[in-house]
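A short reminder: the numbers here are calculations on the coordinates, not readings from a lab. Note that this is a predicted model, so its numbers are computed, not measured. Heads up, the Cβs are rebuilt from the backbone with ideal geometry, glycines too, and the neighbour counts pull from every protein chain shown.
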Amino acid sequence: MLPLETLIDDERRRLDAPLARRVLEAVKLLNRLSLGSEHLRRNLAELGGARTKEDRSPVTVADLLHQGLVQQWIARLFPGDGLICEEPRSLQEAVMHEAQAAADRFYGMPLEDRLPDLPERAEVTWILDPIDGTKGYLAGRYYAIALGFFVGDQPWFGAMAVPPAPAMDLRISRRIGFAISGVGGWVCDIVEAENLMCQKLERAEATPRDPVRVAMSLEHGKTDERIKPAGEDDHARIEIVKLDSQAKYLAVALGEIDAYLRDRRDDGQSDVAWDHMPGAVIARAAGCSVTHYDGGEVRFEPQRELSLKGGLACYRGGNLGPVGKLVQRLVQR
């Protein structure tokens, strides 16, 4: 294991120094946000609990606070960078006083009165899901804080922090996964100290376990309906693991889950890039595939919408590996 700073210093030999600095600072920021979010979760009722957005999905002061902290962090450290993010500015401004109080009390990070105006597109464009899996956050399940960036039109860096879930015990718990496209991926523990210790993300084994563990979203699609009879039809025993958020990508990358299936939305709307891009970069760094249901590679661009052909599959190994072949049988049902 290597200290985060040493790891980034080593990678600077083959990376652009300003981009390497972004990686270093982003991982450190995710660690701080993770620690603060857990303190806040235990005291969320004092700050109004959950609110409901126009699309009827829940949002908390943690979502809005994280977005504000990331906005001012980018404006201070990387002026000129862009940001694609989820929460509407009007909601951020509506809870500013509660967010500032929470930032001081639980994060030790001041939140300024005025939110920075950041462009959505720049040479370096960040993408953020401040609390991915808000329902999980509210219910004490897994959630993720996901951050990444594009250089030009190319996804270059992805990272997520997964704080612990009291009701579950997976290897993703209290971990930060991060990866640089074409370079590699790493994991480290979420810790109170500043010295984050990192280890290389090993390439996932393509051989499936028995039973094959398939993760699915709690919120989107009817993936479990096509999986339940698979044991009879495909001569494979399958265990369904239901998880919130894109933490599923990290579970596949760590080899704890064999595959993650996500049907495209059934309400006619597009999926959104911040739900997938950071996790997909990490999974691909571990040798996992991220494809549409038709087998084509999912490509990410610096924009909000993500169009899926039938759905998205993330799995260990390639299309022709044993897990890939099983995935193709499942998604064709």
- line: Stretched fully, the stretch from E297 through R56 gains (0.36 nm per residue minus C-alpha distance, one decimal, in nm) 83.6 nm
query: How far is the Cα center of the stretch 1-55 from the Cα center of the stretch 284-317, in Å?
result: 24 Å
- line: Listing R203, R175, R316 by rising number of other beta-carbon atoms within 10 angstrom, fewest first, gives R203, R175, R316
- request: Please report the relative contact order for the chain, taking Cα pairs under 8 Å with a sequence separation of at least 6, and give it as a percent rounded to a whole number.
  value: 16 percent
task: For the stretch 134-212, go through all pairs of different Cα atoms, get the mean of 1/r, take its inverse, and jot down that Kirkwood value in Å.
output: 14.5 Å
query: What would the Debye formula give as log10 I(q)/I(0) at q = 0.09, 0.11, 0.12 Å⁻¹ for the alpha-carbon point model of the chain, no solvent?
result: -0.44, -0.67, -0.80
- prompt: When the Karplus curve 6.51 cos²θ - 1.76 cosθ + 1.60 is applied with θ = phi - 60°, which whole-Hz ³J(HN,Hα) does each residue of the stretch 55-67 get, with x for Gly and Pro?
  reply: 7, 6, 8, x, 9, 10, 4, 5, 4, 6, 5, 4, 5
field: Ranking of D294, D63 by count of other Cβ atoms within 10 Å, fewest first
entry: D294, D63
statement: Given GluC sites (Glu not before Pro), DSSP loops and at most 16 other Cβ atoms within 10 Å, the longest exposed-site-free stretch of the chain is 220-333
- request: Go through the stretch 129-142 residue by residue and turn each phi into a ³J(HN,Hα) via Karplus (6.51, -1.76, 1.60, θ = phi - 60°); whole Hz please, and just put x for glycine and proline.
  value: 10, x, 9, 8, x, 4, 5, x, 4, 6, 8, x, 9, 5
message: How large is the direction-averaged shadow of the alpha-carbon convex hull of the stretch 130-169, in nm²?
response: 3.2 nm²
statement: One would report the Cα pair-distance distribution of the stretch 246-333, bin width 10 Å, in %, as 19, 54, 26, 1
- request: Take the alpha carbon gyration tensor of the stretch 260-306, find the square roots of its eigenvalues, order them as a ≥ b ≥ c, and report rounded if a/c is under 1.5; if not, report prolate when a/b exceeds b/c, else oblate.
  value: oblate
task: Run a plain Debye calculation on the stretch 4-45 (Cα atoms as equal point scatterers, no solvent) and give log10 I(q)/I(0) at q = 0.13 Å⁻¹, rounded to two decimals, same order as the q list.
output: -0.39
- line: Here, the stretch 1-152 modelled as identical Cα point scatterers in vacuum has Debye log10 I(q)/I(0) at q = 0.10, 0.20 Å⁻¹ of -0.36, -1.29
task: Give me R41, R89 ranked fewest to most by other Cβ atoms within 10 Å of their Cβ, as a rough exposure proxy.
output: R89, R41
- prompt: Just from its helices, what would the mean residue ellipticity at 222 nm be for the chain, if runs of 4 or more DSSP H residues each count -39500 (n - 2.57) and the sum is divided by every residue, rounded to the nearest 500 deg cm²/dmol?
  reply: -9000 deg cm²/dmol
statement: Once the mean of 1/r over all distinct C-alpha pairs in the stretch 20-88 is inverted, the Kirkwood radius in Å reads 13.5 Å
